[in-house]
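Have a look at the structure below before the remarks.
Just so it is clear, none of the values below were taken in a lab; they were calculated from the coordinates. Please read all numbers here as calculations on a predicted model, not as lab measurements. All Cβ positions, even for glycine, are placed from backbone atoms using ideal geometry, and neighbour counts span all protein chains on display.
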Amino acid sequence: MEPILQVKNLNYIYSIGTPFEHQALKDVSFCVHRGEFIGIIGHTGSGKSTLMQQLNGLLKPTSGSVILDGQDIWSDKKLTRQARFRVGLVFQYPEYQLFEETVYKDIAFGPGNMELPKEEIDRRVREAADFVGLTEEQLLSSPFDLSGGQKRRVAIAGVIAMEPEVLILDEPTAGLDPAGRAEILGNIERYRRAKNATIMMVSHSMEDVAKLTDRLLVMGGSRLAMDGTPGEVFAQAERLVEMGLSIPKVTQVFLHLRKMGLPVENVYTIEQAVEALKALKGGSAHA
Amino acid sequence: MLKDITLGQYFPGHSPIHRLDPRTKLIGLTGYIVALFVAKSWISYAVMLLFLVTLIRVSSIPPKSIVKGMKPLVMILVFTGVLNLFFTGGETVLLRIWKLTITKEGLTRAIFMMGRILMLITGTFLMTFTTSPISLTDGLESLMGPLKKLHMPVHELSMMMCIALRFIPTLIEETDKIMSAQKARGADFETGSLIKRAKALVPILVPLFISAFRRADELATAMECRCYQGGEGRTKMKLLRYTRRDFGAFAVIAALVAVIGVLASFGL
């Protein structure tokens with residue numbers, strides 16, 4: 001299958017030719033397929049945010065290319081603009097970008113910029129609001145009267161309403177309570193299923209990425225340090241710790257159990273852990 | 001793009017000028033400006049220019065940055081030049097175009113006025129480039145100290161200035177972030193008619209104002225939590241102290257003012 005997004009030998013240098021020159025991306029290459037849920041992890045300053053802004057054409061690569069659906073997004077001005085809509089980007093703390101009088105109008109900002117017919121905009125706004133669980137009543141209220149978690153959902157709906165094929169989110173759950181986090185992660189997963197969209201999510205919660213994603217990109221020192229399933233990545237616990245990252249708590253426990261001589265596999269989620277422990281118990285009972 | 005603004009920006013460094021007490025620099029600048037306004041002849045202007053160029057060399061500020069900071073002021077310069085060039089009366093007429101005449105006096109005056117403005121701005125830049133905003137407000141507060149006796153809220157004023165300066169880079173960064181976020185939703189700031197472009201600013205300005213108010217609120221709470229209550233009885237971690245270097249600087253400035261004064265009294 002043709003990959004939806006291809007990144008080839010991407011390099012990016014900030015403030016070229018000044019004393020503040022700094023290379024944020026070094027030779028990054030990877031492919032992304034439709035429907036994948038990808039987690040991006042990395043230490044602060046490892047180039048995650050820069051990478052995200054390359055993918056929808058907000059930043060122009062110093063060298064290398066970003067190929068969306070077979071076409072280089074920088075080969076034509078129209079394609080660059082299209083990339084903004086086809087690759088939706090939700091920044092950190094997106095609620096700080098709300099500006100309209102009503103939630104409805106704010107969500108309609110993106111689709112409005114796409115110059116869609118009015119009925120289509122209306123359909124998309126309602127559908128996006130539904131994805132993130134906003135009620136009809138809330139659509140007509142001011143975004144500034146909502147709670148922090150609700151504002152965040154409005155902001156995410158504002159990007160979902162553009163119906164991007166690739167949805168990129170930078171720490172969508174930062175600063176929310178556990179219930180709010182679970183809800184937003186559920187909304188994102190629902191959007192992926194409904195539209196067969198690709199999700200790329202930056203997160204510092206190893207538990208979240210272990211539970212949700214089927215692939216992890218690990219950024220370290222401006223390079224793509226690892227690329228693989230959560231299983232493959234978390235198996236290299238030592239290397240992750242060296243890069244200032246961690247592994248899920250439950251994986252730590254199981255690594256320790258193994259060191260103590262128990263015959264357990266590596267696990268990454270609570271569900272897997274339950275299964276592994278049941279098997280262990282059952283196994284020993286039979287023996 | 002927004003980061004190119006250099007007006008009032010501080011260039012960290014260790015030159016002798018950087019290490020002067022901020023009060024010395026403020027008083028020195030005042031002396032320099034007095035000298036600049038007393039100067040009336042080619043000779044005294046040359047002395048001033050020599051002094052300024054030496055200071056720039058000593059401060060190791062790249063001249064490029066000074067020129068860059070000058071850009072927004074080009075209009076004022078041109079305006080001053082043109083006004084003085086055409087509207088100064090004089091006897092020696094150099095050129096006559098329709099009703100406008102250019103006299104020798106007008107030409108000299110235009111050059112002097114533009115030179116004065118240029119040197120005034122460059123001198124001020126030199127101070128803001130070599131003094132961090134914090135130490136500048138510290139210096140101002142200390143110099144205005146005597147006004148406290150007249151119940152002027154000196155400390156409060158300098159605190160406000162300090163906070164305002166502190167938040168400029170933060171707000172610039174914030175603007176950049178909001179712009180990126182709205183661009184990601186397809187906002188377009190570069191094309192379209194003037195009205196369309198002005199309208200396109202709304203999605204930036206509203207969040208920016210809200211964030212500025214939020215930050216102000218948070219800062220006020222944080223200050224109250226640390227029992228901030230103004231200047232009364234407040235001590236400082238970094239006390240300003242004049243050193244030998246400062247007295248040297250005072251001597252240099254005094255000499256400059258004296259030389260220019262003497263020259264002026266001889267009609268030069």
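Take each peptide in A:47-57, B:73-83, B:191-201, A:96-106, count the other Cβ atoms within 10 Å of every residue, and average; sorted highest first, the result is A:47-57, A:96-106, B:73-83, B:191-201. Using C-alpha pairs below 8 Å separated by at least 6 residues, the relative contact order for chain A is 21 percent. Rounded, prolate or oblate: pick one for chain A, where a ≥ b ≥ c are the square roots of the eigenvalues of its C-alpha gyration tensor, a/c under 1.5 means rounded, and failing that, prolate if a/b is larger than b/c, else oblate. It is oblate, given that a/c is not under 1.5 and a/b is not larger than b/c.
Each Lys and Arg adds +1 at its Cβ and each Asp and Glu adds -1 at its Cβ; summed about the Cα centre, the protein assembly as shown shows a dipole of about 2280 debye. Counting only DSSP beta bridges with both residues in the protein assembly as shown, the antiparallel share comes to about 55 percent. In chain B, the sites counted are GluC sites (Glu not before Pro) in DSSP loop states with at most 11 other Cβ atoms within 10 Å, and the longest stretch holding none of them, exclusive of the sites, is B:92-189.
For chain A, take the longest principal axis of its alpha carbons; what is the angle in degrees between that and the long axis of helix A:249-259, to the nearest 10 within 0 to 90? Result, in degrees: 20.
For segment B:88-231, what relative contact order do you get, as a whole percent, if you take Cα pairs closer than 8 Å and at least 6 residues apart? List each step's numbers first, then the result.
Working: 68 pairs, mean separation 20.2, N = 144.
It rounds to 14 percent for segment B:88-231.
Averaged over peptide A:85-92, the number of partner chain Cβ atoms lying within 10 Å of each residue's Cβ comes to 3. Taking the charge dipole of segment A:157-210 about its Cα centre, with +1 at Lys and Arg Cβ atoms and -1 at Asp and Glu Cβ atoms, the residue from A:A197, A:A179, A:A157 reaching farthest to the positive side is A:A197. Charges were assigned to the Cβ only: +1 to each Lys and Arg, -1 to each Asp and Glu. The resulting dipole of chain B about its Cα centre is roughly 340 debye.
Shape of chain B from its Cα gyration tensor (a ≥ b ≥ c, root eigenvalues): rounded if a/c is under 1.5, otherwise prolate when a/b > b/c, or oblate? The shape class here is oblate.
Taking the longest Cα principal axis of chain A as reference, the axis of helix A:77-86 is set at about 60 degrees.
Computed on chain B, with alpha-carbon pairs under 8 angstrom and 6+ residues apart, the relative contact order is 32 percent.
Stretching the chain fully between B:Q229 and B:T30 yields a gain of 68.4 nm (0.36 nm per residue, less the alpha carbon separation). Each part gets one Cα centre, and for segment B:14-74 versus segment A:128-188 those centres are 55 Å apart. Note on chain A: with a GNM built from Cα contacts shorter than 10 Å, the maximum mean-square fluctuation among A:G220, A:G42, A:G186 falls on A:G186.
Specify whether the C-alpha gyration tensor of segment A:175-287 places it in the rounded, prolate or oblate class, a ≥ b ≥ c being the square roots of the eigenvalues: rounded for a/c under 1.5, otherwise prolate if a/b is larger than b/c and oblate if not. Don't jump to the answer; show the numbers that get you there.
Numbers: a/c = 2.15, a/b = 1.39, b/c = 1.55.
The shape class here is oblate.
Please identify the DSSP H helices in chain B that span no less than 20 Å along the helix axis (Cα) and have a mean Kyte-Doolittle hydropathy of 1.0 or more.
Details: long enough: B:22-38 (24 Å, 1.17); B:42-59 (25 Å, 1.91); B:104-130 (39 Å, 0.94); B:154-184 (45 Å, 0.46); B:202-225 (34 Å, 0.91); B:244-265 (31 Å, 1.62).
Length and hydropathy pass: B:22-38, B:42-59, B:244-265.
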